[in-house]
1. Of ALA178, ILE82, PHE45, whose Cα points farthest to the positive end of the dipole of the chain (charges on the beta-carbon: +1 Lys, Arg; -1 Asp, Glu; origin at the Cα centre)?
2. Mean residue ellipticity at 222 nm from the helices of the chain, using -39,500 (n - 2.57) per DSSP H segment of n ≥ 4 over the full residue count, to the nearest 500 deg cm²/dmol?
3. Residue separation times 0.36 nm, minus the C-alpha to C-alpha distance between GLU90 and ASP172: what's the value?
4. Return one whole number: the accessible area per residue of the chain in Å², for a 1.4 Å probe.
5. Could you tell me what percent of the accessible area of the chain is made up of carbon and sulfur, with a 1.4 Å probe and every protein chain present?
6. Net charge around LEU100, counting only other residues with Cβ within less than 11 Å of its Cβ (Lys, Arg = +1; Asp, Glu = -1)?
7. Return the inverse of the average 1/r over all pairs of distinct C-alpha atoms in the chain, which is the Kirkwood hydrodynamic radius, in Å to one decimal.
8. Mind telling me which of THR173, THR130, THR114 comes out most flexible in a GNM of the chain, alpha-carbon contacts under 10 Å?
Amino acid sequence: MKRVLTVLMVSLLVSLFAGCAAKTTMIENRVENTVTYTLPETGQFVTVQLGDSYTYEHYMERTFRGVDVKGYLFMDDSGSAILVSKMPREKFEQLVRRKLAIPAKGIQALAPRTIYGSKFCDLVRAYVVTVENDVVAAVKVKTLVDYTEECAKWTTLDDVMAAEMELVTEFDTSADEAITLTWH
């Protein structure tokens, strides 16, 4: 009987440790304008490469919408900022206030998306890749300081596009040129 209990306890501990090992966080490495996140168990990785016009400012830690956001902050001369970050999928979904419509298996990229933040009068473009239960994101933000009066009238991205389509197109194009994600 003791032998059966010992075998059961060892099996339970092995499965518990295996479950913990499966939740290992991604390893991150930054070299100049390149940040790579690797999942050690599978070898899957996401690399974010930023254009030369961006320079590394600092590692940022901030709470936003009740979520601790940590990542590498890059800036350019025009006042645009790019944050490169990773976090657990559940925290990312809490941050963006919606569930991702793709399963938490393997590695998958979502289409880039632009939103307008009326609170701070800024355009935000996000590039997101999911890796198992983690999310890697590169987010470009540009505050529209030259549009103070217009910002009071705009509440959605559609409002901004109706009034300043070229501004949004230029922002999206510059983000697409500045941010390159690769994964495997």
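1. Sorting the options by dipole projection puts first PHE45.
2. Values: 4 runs with 55 residues, N = 184.
Rounded to the nearest 500, the figure is -9500 deg cm²/dmol.
3. Values: separation 82, 0.36 × 82 = 29.52 nm, distance 2.69 nm.
Separation in residues times 0.36 nm, less the Cα-Cα distance, equals 26.8 nm.
4. Values: 11350 Å² over 184 residues.
On a per-residue basis, 62 Å².
5. Working: 6480 of 11350 Å².
Ligands and nucleic acids excluded, carbon and sulfur reach 57 percent.
6. Values: positive: ARG89, ARG98, LYS99; negative: GLU90, GLU93.
Local charge sum for LEU100: +1.
7. On the way: mean 1/r = 0.0545 Å⁻¹.
When all Cα pairs of the chain are included, the Kirkwood radius is 18.4 Å.
8. In this elastic network of the chain, the residue with the biggest mean-square fluctuation among THR173, THR130, THR114 is THR173.
The values are calculated or read from the model by the stated rules, or taken from the named source; none is laboratory data. Fair warning: this is a prediction, and the values are worked out from it, not measured in the lab. Counting neighbours? That spans all protein chains shown, and the Cβs are built from the backbone with ideal geometry, glycine included. When the accessible area is computed, the model is the full protein with side chains, heavy atoms only, and any ligands, DNA or RNA have been set aside. Shrake-Rupley method; radii C 1.70, N 1.55, O 1.52, S 1.80 Å.
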